[in-house]
Amino acid sequence: MAQLALDKSVSDSDIEKAAYVYSALRWTRPRTRQNLKNYVKVFLGIDVPDKRICPEHNRPMDYLWHTFSTDFAAEGRANADAVVWANRAGGKTELAAVATLLDCVFKPSCQVRILGGSGEQSGRMYEYLTSFLHNGFEEFLAGPVLKEKCRFANNSAVEVLTQSATSVRGQHIQKLRCDEVELFDKDVFAAAKFTTHSTAGIAAAMELISTMHRPYGLMQRIVSAAPELGTPVFKWCVWEVIEKCTDRKCSQCPLWGDCRGRAKSANGYLKIDDCITQMRRASRACWEAEMLCKRPSLENVVFDEFDPVRHVQPVDYDPNFPVYRALDFGFVNPFVCLWIQVDNDGIVRVIDEYVRSRATIDVHAEEIKSRTAGSEERVAATFCDPSGASVNDVTGTSVIRELRTLGIMARYRRSGILEGIELIRRAIRAGDGKSTLIISPSCQRLIEAMRCYHYPESPTGSGAELPLKDGLYDHPIDALRYFFVNYKHSTKTTSRRY
């Protein structure tokens, strides 16, 4: 407006009209994706990156349009939840703050809560929001902006929650934005799932936003479960948000090994020099996980050489090879059965899996027999957890005895955990570089466990060399261990009669 005033050819009336139009546009809901992008650029000064650089990734604008437009979709509401997996400095928190402002301005009575992996993280999103409010959006407010909450004239509100189950429980809101989910306490995350409720005009939505630091962390489990739940995952990396490269020689650029010219097509905001500095500061594993959004650091993973590209291949039952089964017992924790064959070249082929909690042995036995190709006579051996031989004080019997009664002749050999782990590692990659392990894509729980089975974060005490028994990933691995220690020492395997 100041520039207009300096122009003698522009009248005061024209300036007033322009100011009126500008104010009216601020109150006008964007109806299209392009309108939304323009609105954010004009009124917030943020040019949201809207170009896909990596074919398998999304654009940051994809997320913003999804979270804003879901409540206005004429064809009915889609799944309003969202998972945002993006790089460090990828604009996740700022974009979520933009989404929060838009919800409160254009969706009357919308209740939004911000929950961060730490108080600092929650505060960062709220700081973005308050900076937006003090940049021309004060007229939308119903009172002052407080330290952890603010209200809008249309009865919408935003509040910051603390990372505690007490803070989360009892909330009845429409939008919950969880920032840096990787750092969440598991009990807080469990409680947060029940906080959102739809109203007549606003769909309940829980947005989970984070980088993926660990292959066995919460974010990994969220991303893995998203397709089954129908939750869209918006993923972008440094190339979707880096500034356009215009005057650098690729052959002399430290980023060339990863970039391969991608930055020439980019239209983001991250400074190339900053990215180069960060790459030099970090380890290769951290750079790939934090900035390229590739497989997270394997520093603490037990089977760090397991590669789904190499070790997961279509394999089915082959009548020319014997069938083995490997069992790990559980009730609250899962009961696991793996079906395995070994071909003439010594390749161990895991062809099927059965994982189920809270079922009795007779139910498991029936399922195992029904899923076993051919008859029980075709099974070369069923290897199991040695603890199954222990007699229950209440029933006066053991799991292995029950299985025998039900027609499954289970055998076992006592061994240490490290012995079995070493045998699995050798199958993944032996000293000569060869692999003798293939897992069918149908064995999703085993594949996930192979990728995520890990050591404790801060190992202490004499048992520090043992992997973490987390009740999730250890059971499929235990079943695989029982196969290897029994198969390799089949002449010493115990088969008791009762």
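Odds and ends about this structure:
- Overall Cα dimensions of the chain, principal axis frame, Å, largest first: 103, 58, 48
- Residue exposure proxy: Glu402, Glu419, ordered by other Cβ atoms within 10 angstrom of their Cβ from fewest to most, comes out as Glu419, Glu402.
- Short to long, the 10 Å bins of the Cα pair-distance histogram for region 31-239 hold 8, 37, 40, 14, 1 percent of all pairs.
- Anisotropy class of region 62-147 from Cα gyration tensor, a/c 1.5 cut: oblate
- Relative compactness, region 253-335, computed as alpha-carbon Rg over 2.2 N^0.38 Å: 1.80
- Remark: the Cα gyration tensor places region 332-484 in the oblate category, a/c being 1.5 or greater and a/b not exceeding b/c.
- Exceeding the 29 Å Cα-Cα cut-off - candidates Lys193/Lys271; Lys17/Lys147; Lys92/Lys469; Lys41/Lys149: Lys193/Lys271; Lys17/Lys147; Lys92/Lys469
- Exceeding the 31 Å Cα-Cα cut-off - candidates Lys37/Lys264; Lys51/Lys434; Lys107/Lys294: Lys51/Lys434; Lys107/Lys294
- Dipole size of region 247-378 about its Cα centre, with +1 on Lys/Arg Cβ and -1 on Asp/Glu Cβ: approximately 960 debye, rounded to the nearest 20.
Bear in mind that the values in this text are calculations on the coordinates, not laboratory data. Computed from a prediction, not measured in an experiment: that's the story for all the values here. Glycine also receives a Cβ, built like all others from the backbone with ideal geometry; neighbour counts cover every protein chain displayed.
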